[in-house]
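Heads up: the structure comes next, in structure tokens.
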Amino acid sequence: MSKNNIKTSGFSLAKRKELTGDDFYEIKQYDDMTIAVLCDGVGSAQEGASAAKKVTLHIINNFKNIPRVWSIEKAIKEFIKSINSILYTQSIHEYERPEYVTTVTVVVIKGNRLYGANAGDSRIYLLRDNKLNQLSYDHNEDGMDNVLSNAVGISSEVEIHYFENNIEKEDKILLCSDGLYSLMSSDTLSKNIPNGAYNIVKKASSLVEDNLPDDTTAVILEVLQIDQVELMKNLNLQIPQKLKRGDIIDGYELTLSLIQNDRTWVCKKNNQEYVIKFAPYEAIDNEEILDLYIKEAWNAKRLKAGFFPKSFIPKHRTARYYLMTKLDGINLKQYLKKRNLSIDEAILLAKTLLSMEEYLLKFNLVHGDIKPENIIVIQRDGKRIFKVIDFGSITEIFSIASKAGTPSYLAPERFNGSAINERTEIFSIGVTLYQALTGIFPYGEIEPFQNPTFKNTKKLQKLNNTIPSWFESLILRAISVDENLRYSNYSYMKFELEYPEKVKPFFDKKTPLLKKDPLKFYKFGFYFLLILNFILFLRLSL
């Protein structure tokens, strides 16, 4: 599940007037997974606080590199077992008895599934529809609630209570130490969980006049939305292996293959033409390919803006595909084979691309592959308009794992593993504009797997003398090899498009001062000569 769908909070107070306690917690959110761990170090053990911290960080850090073949259940259990063995061995070595002892609670949310485990008497609750459900199990000796029968580090083997469940919108998961639930009834917990971890711990403290008898910690995970991508993934849909002209899928007749792999077609239904895109056949056995396709289909469905073709997913489909309206136009690469864009057309294209990127930014997304092949040129009511295609390249901003992009349009830092951001997208926009106005790449065509060198590019006016100086400077700034000289965000570049008179001439760092600022150069020269003459005068006077 996307971290944007999970709201997290955590808070801890030490008992009485102590500054630090034996509890420890950590929350970690990745793009598709949220992990929370809470430990209550056993107070009677000399290293309880240390054990709580070690266990928490061990589990959190190991989840960064979870083996692909492991299930979440296996990962949770293996990580608890391994740290239990480490702590028990360390205790025996240092003290000859268990002293690194702590309870542990773990919750992982991935997709629309909740995975959890505990050892000891710290608890995990689920609040749903105002009903509080305890999901953990208290490992206490019979009839002695204050005596643990099981915990991490207490023995060479640890008993793990494990559970799974589906999650729903507005679910709230509470992880807490016994210092919290021992002061609050189930009704009081239910009423205070929606207020967040800080408030519920402070409420518990107020019940005993801020003199807590035990360390008190809470972690709360609130499900804001369920994961629509995960729901789409779990649908029982076919992926056709071979597709050919004349095939009919759910009433849509395939009429023309648009891409060599025969996964994207023009189709017709009720005399209306659409573009239909099927999942790659490899997605049957490759979960990574399936995930990428489902994310593409989800973005196509939810991104409703005039920059993109209208897209939809039929409710009662039998196969994995989505549909787009068929655009009556050609892509910009085909268009540029006949003529370059005019200045007005290029300005319109720049505004369109920047507005599209600003729209995606609201979803924490970037297009990822701006280039002429992904821009459709349409003539409508005597006006030229542009549409952007390729939902498959759209990815999360600041992603470092995404392979989106075409080498000739990638910013230099992308070749070194830098994250996709506004500056890298602006570079792609700049290269596209440069190419649309001059017919060539600013830094030459770059082949896949090539390690390019970005040398000085030619000024646009030398290649197309119709380009105004302000527009040349704007594009040169957008394609600056030095990212610090490039526009830092879409809105800044868009502002200068709207107000050309505010665009300053662009010079890279190697440009001589005489060319950058002649007045400053001559002023500097004047004062230098003045000082030199003064020094000579003093010497001659002696």
Seminar exercise, completed: Of the conditions (1) farther than 23 Å from G116 by Cβ; (2) part of a helix (DSSP H, G or I); (3) not hydrophobic (A, V, I, L, M, F, W, C), the single one that P194 does not satisfy is (1)
Exercise. Here is a list of conditions, (1) over 23 Å from L183 (Cα atoms); (2) modelled with pLDDT of 95 or more; (3) touching a Lys or Arg at 6+ places or on another chain (Cβ under 9 Å), and F11 meets all of them except one; can you say which number that is?
Worked result: (1)
Problem set entry | One residue from G382, G439, G430, G405 being over 23 Å from E483 (Cβ atoms) and touching a residue at least 24 places away in the same chain (Cβ under 8 Å) | G439
For this session: Would you confirm whether any residue within segment 149-161 is without any contact (Cβ under 8 Å) to a residue 24 or more places away in the chain, open to solvent by less than 60 Å² (accessible area, probe 1.4 Å), more than 36 Å from the chain's Cα centre (by Cα) and more than 23 Å from I27 (Cβ to Cβ)?
Result: yes
Exercise. Of the residues that make up segment 408-418, is at least one surrounded by fewer than 22 Cβ atoms within 10 Å (Cβ to Cβ), touching a residue at least 12 places away in the same chain (Cβ under 8 Å), among the small types (G, A, S) and in a helix (DSSP H, G or I)?
Worked result: yes
Exercise. Under 9 Å by Cβ, and 6 or more places apart or on different chains, what pairs join a residue from segment 78-104 that is free of Cβ contacts under 8 Å to residues at least 12 places away in the same chain and closer than 17 Å to L57 by Cβ with one that is among the hydrophobic types (A, V, I, L, M, F, W, C) and open to solvent by 40 Å² or more (accessible area, probe 1.4 Å)?
Worked result: E78/W70
Problem set entry | Selection from segment 356-407 of residues that are over 15 Å from the mean Cα position of the chain (by Cα), outside any helix (DSSP H, G or I) and among the hydrophobic types (A, V, I, L, M, F, W, C) | I370, I375, I376, V377, I378, I385, F386, V388, I389
Exercise. Would it be correct to say that A75 is in a helix (DSSP H, G or I), touching a Gly at 6+ places or on another chain (Cβ under 6 Å) and free of Cβ contacts under 8 Å to residues at least 40 places away in the same chain?
Worked result: no
Problem set entry | Identity of the residue in segment 389-403, over 29 Å from D328 (Cβ atoms) and among the aliphatic types (A, V, I, L, M), that ends up least open to solvent (accessible area, probe 1.4 Å) | I397
For this session: State all residues of segment 346-388 that are under 15 Å from N489 (Cβ atoms), surrounded by fewer than 16 Cβ atoms within 10 Å (Cβ to Cβ) and touching a strand residue (DSSP E or B) at 6+ places or on another chain (Cβ under 7 Å); if no residue qualifies, say none.
Result: N364
Exercise. Can you name the number of the only condition in (1) surrounded by 15 or more Cβ atoms within 10 Å (Cβ to Cβ); (2) not in a loop (DSSP other than H, G, I, E, B) that K462 fails?
Worked result: (1)
For this session: Collect the residues in segment 202-257 that are in contact with a Gly (Cβ under 9 Å, 6 or more places away or on another chain), open to solvent by less than 80 Å² (accessible area, probe 1.4 Å), of a type in the set (S, T, N, Q) and under 30 Å from I167 (Cβ atoms), keeping them in residue-number order.
Result: T216, T217
Exercise. In segment 267-326, which residues are without any contact (Cβ under 8 Å) to a residue 24 or more places away in the chain, over 18 Å from M232 (Cα atoms) and among the charged types (D, E, K, R)?
Worked result: K268, K269, K304, K310
Seminar exercise, completed: Cβ pairs under 7 Å, 6+ apart or interchain, first in segment 181-199 and surrounded by 18 or more Cβ atoms within 10 Å (Cβ to Cβ), second assigned to a helix (DSSP H, G or I) and basic (K, R), ordered by first then second residue, are N192/K203
Exercise. For segment 269-305, how many residues meet the condition of being in contact with a Ser or Thr (Cβ under 7 Å, 6 or more places away or on another chain), of a type in the set (D, E, K, R) and crowded, with 18+ Cβ neighbours inside 10 Å?
Worked result: 1
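The values are calculated or read from the model by the stated rules, or taken from the named source; none is laboratory data. The structure presented is a predicted model; accordingly, all values stated were derived computationally and were not measured. Reconstructed Cβ throughout: ideal geometry from the backbone, glycine too, with neighbour counts over all protein chains shown. For accessibility, only protein heavy atoms count, side chains too; no ligands or nucleic acids. Shrake-Rupley method; radii C 1.70, N 1.55, O 1.52, S 1.80 Å.
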